[in-house]
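So the structure is just underneath, and the comments pick up after that.
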Amino acid sequence: MPPVEELKEWRQLLLWNQFALDEITTKLKILNEECQHLDEGNPIEHIKSRVKSIESISKKLERKGIPFTARSAREHIHDMAGVRVICAFTSDIDKIFTMLSQQTDVKVKKIKDYVGKPKANGYRSFHIIVEIPIFLKGGMELMEVEIQLRTIAMDFWASLEHKIYYKFDKEVPDSLIDELTKTANIVNELDDRMLTINNRIKES
């Protein structure tokens, strides 16, 4: 394929992923506002979103041994568009997932529950890949978006873990890994206690 045509495909793919992010973000904001209107509180504290950079996509395709083309990226990379939803309580994670999965135009394709089954280092988050339609001038396209649902405490821990692994170029000293794992347990206990307190407030 001529370089100009390939560049055009990449630009189109990244734009479509941005449209998919806009769609899913709008859905999440509407659900959050509806919950507030119904006096059910705000299950969402804030939302972060991003489309992977060309450099990041290239590295991921290289690790998979897949040619660097827009078509192969769309076929093999399912988290080009990513949304991180931050909640106050672990119960909010279930609530948001349930509300979102009940939307008729949202298809849940994959689930990774790192809340129920944390990673060995203590990482906790609820990941889902969803497929949603975007409506364009030339018709409809189905796009995938990765959604990560986590509490404020989980997000704080994950951000620190990312900084540490970046700082040490993934060669993290055992002492720090051990400390991270211990801290993950503290975060888990904090989430449990905060949820218990919140439930007691609701019942009183």
Scan the stretch 51-64 and tell me whether some residue there is open to solvent by 50 Å² or more (accessible area, probe 1.4 Å), among the basic types (Lys, Arg), closer than 25 Å to Leu15 by Cα and in a strand (DSSP E or B). no
Could you tell me whether His127 is under 26 Å from Ala184 (Cβ atoms) and of a type outside the set (Ser, Thr, Tyr)? yes
Output the residues belonging to the stretch 31-58 that are among the hydrophobic types (A, V, I, L, M, F, W, C) and over 18 Å from the mean Cα position of the chain (by Cα). Cys35, Leu38, Ile54
Across the stretch 155-204, what is the total count of residues that are open to solvent by 90 Å² or more (accessible area, probe 1.4 Å) and outside any helix (DSSP H, G or I)? 4
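I'd like to check something: does the stretch 111-127 contain any residue that is over 28 Å from Glu179 (Cα atoms), in contact with a Ser or Thr (Cβ under 9 Å, 6 or more places away or on another chain) and among the β-branched types (Val, Ile, Thr)? Walk me through it before giving the result.
Filtering the stretch 111-127 down to residues over 28 Å from Glu179 (Cα atoms) leaves 111.
After this cut, where a residue has to be in contact with a Ser or Thr (Cβ under 9 Å, 6 or more places away or on another chain) as well, the list is none.
For the stretch 111-127, residues over 28 Å from Glu179 (Cα atoms), in contact with a Ser or Thr (Cβ under 9 Å, 6 or more places away or on another chain) and among the β-branched types (Val, Ile, Thr): absent.
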If you scan the stretch 1-13, which residues turn out to be surrounded by 13 or more Cβ atoms within 10 Å (Cβ to Cβ) and either out of contact with any helix residue (DSSP H, G or I) (no Cβ under 8 Å at 6 or more places or on another chain) or outside any helix (DSSP H, G or I) (or both)? Lys8
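Taking the stretch 65-83 as the search range and keeping residues that are within 14 Å of Ile129 (Cα to Cα) and without any contact (Cβ under 8 Å) to a residue 40 or more places away in the chain, which one is surrounded by the most Cβ atoms within 10 Å (Cβ to Cβ)?
Here the residue is Ile77.
Looking at the stretch 29-50, which of the residues that are of a type outside the set (D, E, K, R) and in contact with a helix residue (DSSP H, G or I) (Cβ under 7 Å, 6 or more places away or on another chain) is surrounded by the fewest Cβ atoms within 10 Å (Cβ to Cβ)?
As a first pass, look at the stretch 29-50 and keep what is of a type outside the set (D, E, K, R): 30-32, 35-38, 41-44, 46-47, 49.
So of that shortlist, the ones also in contact with a helix residue (DSSP H, G or I) (Cβ under 7 Å, 6 or more places away or on another chain) come out as 31, 41-44, 47, 49.
Numbers: Leu31: 18, Gly41: 15, Asn42: 13, Pro43: 22, Ile44: 21, Ile47: 16, Ser49: 18.
The extreme case among them is Asn42.
The values are calculated or read from the model by the stated rules, or taken from the named source; none is laboratory data. Note that the coordinates shown come from a computational prediction; the quantities given were computed from them, not determined experimentally. Counting neighbours? That spans all protein chains shown, and the Cβs are built from the backbone with ideal geometry, glycine included. Heavy atoms of the whole protein, side chains included, go into the accessibility calculation; ligands, DNA and RNA do not. Shrake-Rupley method; radii C 1.70, N 1.55, O 1.52, S 1.80 Å.
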